[in-house]
Amino acid sequence: MKRLRFILIGGFLGAGKTTAMARLARHYMERGQRVGLVTNDQAQDLVDTNSLRAQGFHTEEVAGACFCCRFDDLVGKVSLLQGGERPDVIIAEPVGSCTDLVATVVQPLRDLYGDRFEVAPYPVLFKPSQGLRILRNETGTGFSPKAAYIFRKQLEEADAILINRIDEMSPAELTELAALTAKEYPNTPVLQMSAKTGQGFEGLTELLDQKGAFGRKILDIDYDVYAEGEAEMGWLNAAAQVTAPRPFDLDGMLMKLVGRLREGFGKLGLEPGHLKVIGLREGSFGVANLVSSNMQPELSLPSRGQVAEAEVIVNARVAADPAMIEQQVRQALTTVSQEFGAKVEVRSLQSFRPGRPTPTHRYAMAK
């Protein structure tokens, strides 16, 4: 039986993993291959899952913890995709605050399911907006040294580091970032690309087509520091229904909502790891997001729709107490809805700090 090609795409919150997944999926589909996607989050109501499904991709979701702690669920979701769409390629996106994925996901897949899966090289997307400040060792990056520890460990275990979002960077910033990355990780290939525009994307596809001794970098990692760094991120997933007596601009509302959240967190001195908002209504959807405090909100997937009713899902990952995040999200939903002459009903909301990672498997040595 032909083995399924398994691709794991790592990277910090807001690095652009979901955009890369979608572009990769289209790439393989254009080659005549069937593709299945698996998303991952600490909670349900994930913007990424809804966005990818709305784009027509066959997508399953592992919720409740990272792939490392839900390894059996990951294998089970892949089996669901195999039983339905029978994909040739699986692309999986782990939680952006997780690391140690080679020892806890890649190696177990190779060892325990080597007859089913052919695991591709493991790339990690580099997030420039906060990564540059971390590699410069600047103070005031918005994240503590423990959270920066996770960021660095993600890069350390990569088979290749992909500096993403190069379309958002000046030539001088890109030159500096490439030099810093090469200095910090001299034995790891560094590629440059934009998952959004496609610039340099062939470097990623060529990497993923390679076969050989990849996924073998077992980290020397302190799980106490890792757990504490991850727990500093407040997590919120919310689903709300927005209704109005007359149609309103869905994209305008999503952008206004992200902008209001950016403003609110900024006044409190809180750093967003990533904010994502999706609006869904009768086959129409739009996505707006914010990847750091020093960036502007972006309408990443426009709906171009006028609607009188929409489901709005908010995912907020912020270095803050979850109660503060919830307060800001509820306030922004109410205020922005009123500005568009609409009413909002929050139907579900989860806000918390991630628990300590407890991997199902952890390999001390590569096989």
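Report, in listed order, any pair from Lys153/Lys276; Lys183/Lys276; Lys2/Lys196; Lys127/Lys343; Lys127/Lys256 with a Cα-Cα distance greater than 28 Å. Beyond 28 Å: Lys183/Lys276; Lys2/Lys196; Lys127/Lys343. In plain terms, the chain from Glu85 to Asp220 could stretch by 44.7 nm, reckoned as 0.36 nm per residue minus the Cα-Cα distance.
Rg/Rh for the range 134-289 (Cα atoms only, Rh after Kirkwood) is 1.02. An ellipsoid equivalent to the range 233-352, defined through the eigenvalues of its Cα gyration tensor, has semi-axes of 22, 15, 12 Å when rounded to whole angstrom and sorted largest first. Beta bridges per DSSP, both residues in the chain: antiparallel share near 60 percent.
Here the Karplus curve 6.51 cos²θ - 1.76 cosθ + 1.60, taken at θ = phi - 60°, turns the phi angles of the range 205-212 into couplings of 5, 5, 4, 5, 7, 6, 10, x Hz, with x standing for Gly and Pro. With 0.36 nm allotted per residue and the present C-alpha distance subtracted, the Glu30-Glu345 stretch has 109.3 nm of extension available.
Compared with the alpha-carbon gap, the fully stretched path from Gln327 to Asp111 is longer by 73.2 nm at 0.36 nm per residue. Can you bin every Cα-Cα distance in the chain into 10 Å intervals starting at zero and give me the percent of pairs per bin, rounded to whole numbers? Binned Cα distances yield the sequence 5, 25, 35, 25, 9, 1, 0.
Since every read-out is calculated from the coordinates, none of them should be taken as a lab result. Keep in mind that this is a model prediction, so the values were computed, not measured.
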